[in-house]
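Worksheet: the structure to be examined is printed underneath.
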Amino acid sequence: MKIVFYGAGNMASAIFIGMIENRVVKPEQIYLTSRSQKEKILFFRDNLGVNVSYDDTELLDGADYVILASKPQSFPDVAKRIRPHLEEKTKIVSVMAGTQIKTIRRELKSENPIARIMPNTNAMVQHSVSGIKYSENFPNKDELVELMKSFGTTVVVEEEEEMHNITAATGSGSAFLYYIYEKYAESLMDLGFSEDEALFLTTNLVIGAGKMVEDSELPFSQLRKNITSKRGTTEAGLDALDGEGIKEILSKTLNAAATRSQELSKDDEDE
Ligand SMILES: NC(=O)C1=CN([C@@H]2O[C@H](COP(=O)(O)OP(=O)(O)OC[C@H]3O[C@@H](n4cnc5c(N)ncnc54)[C@H](O)[C@@H]3O)[C@@H](O)[C@H]2O)C=CC1
Ligand SMILES: O=C(O)[C@@H]1CCC=N1
C-alpha cells in the first residue's frame, strides 16, 4: 500500500506517526510532501524512515491513498500539483476542515473516490476521535476504517452539516480543553503558586482525571459528585463556576467553531 500525504504538519504527522506506531503501515509505504523543503519533513524521513518527495509524478505513481492535509486555503495550490498525475484507482482522503467533497472533486477535476475525515491531534497517541464522510463511489470503506483505527476511533457521518459539529466538538475540542488547563494554571498562580508549581499541579490533575475517566467508567457527573462534599469547598467552587455561566461559555465556543467550519465550506458554486 502507498499512502501519500500532501502536507506534513500537525495533523498529518499525528496521523502517520499513529499509523507507524501501530504498525498498520510500514514507514516505507508512506510518502510525504509539503509546500517547500523544510527541516521538519526531513526530520520525519531521517527519524521514521518515511519517503519525502517533491516530484508529483513520482508521488502519485501507484498511490493507493492521497491524504489532503494542507490548510483549506492552500488546497487550490495542492490541487494544481495533484491534478495532472492523479490515477483513477487512487482514493482521496481529506482532513481539511470545512472543505466539502464537491469542492475537492471540482478542484481535482476527478471522479476519484473521496472521504472527508475529521481527526484530532490525539491521533499522536492513537486516541483520535475521527468523523468520516464518504463519497458515493468510495469502495472498500473497511480498509480506510482499519487504517484510521491505528490512530483512534471513528464516527461515520452522513451529512456535511454533522461534519461541522464534529469539527467543533473533537477536531478543535482538545484545544478548548488545553486552553482551560492553561487558564487553570494561571489561576493557581493568582492563588500564590509559582509557575512551575501551577504547571506541575495542573498537569497531574489533568492526567489523573483522564485516567479516572478511562479506568472508572463512571459518568463525569458521578466523578464530580464523588468529590463534592455537602456544603464543602468543592460545592462553593462549583457554585461560582456555574454562576459565571460555564455551560453558556462552552456552547458559545462550540458554536463559533462550527460556524467557522461552515464559512470554510462555502463553495463558490453555492453562491
Ligand atoms: N491541527 C489539528 O488539530 C487539525 C487539523 N485539521 C486540518 O488539517 C489540515 C492541516 O492542518 P495543520 O496540520 O494544523 O496545519 P499545518 O500548517 O501544521 O500543516 C499544513 C501543511 O500543509 C503543507 N502545504 C501547504 N501548501 C502545500 C502545497 N502546495 N503542497 C503540499 N503541501 C502544502 C504545509 O507545508 C504543511 O506541511 C487543515 O486543513 C486543518 O483544517 C483537521 C483536524 C485537526
Ligand atoms: O483549527 C482548525 O481549523 C483545524 C480543524 C480542527 C482543528 N484544527
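The values are calculated or read from the model by the stated rules, or taken from the named source; none is laboratory data. In this text, all values refer to a predicted model and were calculated from it rather than measured experimentally. Cβ placement follows ideal geometry from the backbone for every residue including glycine, while neighbour counts extend to all protein chains displayed. The accessibility values were calculated without ligands, DNA or RNA, using every heavy atom of the protein model including side chains. Shrake-Rupley method; radii C 1.70, N 1.55, O 1.52, S 1.80 Å.
State whether one or more residues within segment 91-104 are more than 25 Å from Leu177 (Cβ to Cβ), without any contact (Cβ under 8 Å) to a residue 24 or more places away in the chain and within 15 Å of ligand 2 (Cβ to nearest atom).
no
If a residue counts only when it is closer than 29 Å to His127 by Cβ and out of contact with any Asp or Glu (no Cβ under 9 Å at 6 or more places or on another chain), which strands (runs of 3 or more DSSP E) contained entirely in segment 1-88 have at least 3 such residues?
Details: elements: 3-6, 30-33, 65-68.
Qualifying strands (runs of 3 or more DSSP E): 65-68.
Give just the number: which of (1) of a type in the set (Lys, Arg); (2) in contact with a Ser or Thr (Cβ under 7 Å, 6 or more places away or on another chain); (3) open to solvent by 60 Å² or more (accessible area, probe 1.4 Å) does Arg116 not satisfy?
Going through the list (1) of a type in the set (Lys, Arg); (2) in contact with a Ser or Thr (Cβ under 7 Å, 6 or more places away or on another chain); (3) open to solvent by 60 Å² or more (accessible area, probe 1.4 Å), Arg116 breaks only (3).
Is it the case that segment 38-60 has a residue that's under 19 Å from Ser94 (Cα atoms), surrounded by 14 or more Cβ atoms within 10 Å (Cβ to Cβ) and not acidic (Asp, Glu)?
To start, the set of residues in segment 38-60 that are under 19 Å from Ser94 (Cα atoms) comprises 56, 59-60.
If we keep only those that are surrounded by 14 or more Cβ atoms within 10 Å (Cβ to Cβ) too, we end up with 56, 59-60.
Filter once more, keeping what is not acidic (Asp, Glu): 59-60.
Scanning segment 38-60 turns up at least one residue that is under 19 Å from Ser94 (Cα atoms), surrounded by 14 or more Cβ atoms within 10 Å (Cβ to Cβ) and not acidic (Asp, Glu).
Test of understanding: among Ala185, Ala169, which residue is farther than 30 Å from Gln100 by Cα, in contact (Cβ under 8 Å) with a residue 12 or more places away in the chain and aliphatic (A, V, I, L, M)? Break it down stepwise before answering.
Values: Ala169 fails: farther than 30 Å from Gln100 by Cα.
Ala185 is the lone residue from the list that is farther than 30 Å from Gln100 by Cα, in contact (Cβ under 8 Å) with a residue 12 or more places away in the chain and aliphatic (A, V, I, L, M).
Of the residues that make up segment 179-202, is at least one of a type outside the set (A, V, I, L, M, F, W, C), within 16 Å of ligand 2 (Cβ to nearest atom) and either within 27 Å of Ala256 (Cβ to Cβ) or modelled with pLDDT of 95 or more (or both)?
Scanning segment 179-202, I find at least one residue that is of a type outside the set (A, V, I, L, M, F, W, C), within 16 Å of ligand 2 (Cβ to nearest atom) and either within 27 Å of Ala256 (Cβ to Cβ) or modelled with pLDDT of 95 or more (or both), so the answer is yes.
Mind checking whether some residue in segment 63-86 is over 14 Å from Phe5 (Cα atoms), away from ligand 1 (no atom under 15 Å from the Cβ), open to solvent by 10 Å² or more (accessible area, probe 1.4 Å) and modelled with pLDDT of 95 or more?
Taking every residue of segment 63-86 in turn, none turns out to be over 14 Å from Phe5 (Cα atoms), away from ligand 1 (no atom under 15 Å from the Cβ), open to solvent by 10 Å² or more (accessible area, probe 1.4 Å) and modelled with pLDDT of 95 or more.
Looking only at segment 236-249, decide whether some residue is open to solvent by less than 80 Å² (accessible area, probe 1.4 Å) and outside any helix (DSSP H, G or I). Before the answer, list the steps.
The initial filter retains those residues of segment 236-249 that are open to solvent by less than 80 Å² (accessible area, probe 1.4 Å), namely 236-238, 240, 243, 245-246.
Next, only the ones that are outside any helix (DSSP H, G or I) stay: 245.
Among the residues of segment 236-249, at least one is open to solvent by less than 80 Å² (accessible area, probe 1.4 Å) and outside any helix (DSSP H, G or I), which makes the answer yes.
Somewhere in segment 217-230, is a residue modelled with pLDDT under 95 and charged (D, E, K, R)?
yes
Confirm whether Lys149 is within 11 Å of ligand 1 (Cβ to nearest atom) and open to solvent by 70 Å² or more (accessible area, probe 1.4 Å).
On the way: within 11 Å of ligand 1 (Cβ to nearest atom): no; open to solvent by 70 Å² or more (accessible area, probe 1.4 Å): yes.
The answer is no for Lys149.
Among the residues of segment 89-99, which ones are more than 13 Å from ligand 1 (Cβ to nearest atom), touching an Asp or Glu at 6+ places or on another chain (Cβ under 8 Å) and not basic (Lys, Arg)? Reasoning before the result, please.
Of the residues in segment 89-99, the ones more than 13 Å from ligand 1 (Cβ to nearest atom) are 89-92.
Then drop every residue that is not touching an Asp or Glu at 6+ places or on another chain (Cβ under 8 Å), which leaves 89-91.
If the condition is that a residue be more than 13 Å from ligand 1 (Cβ to nearest atom), touching an Asp or Glu at 6+ places or on another chain (Cβ under 8 Å) and not basic (Lys, Arg), then Thr90 is the only one that fits.
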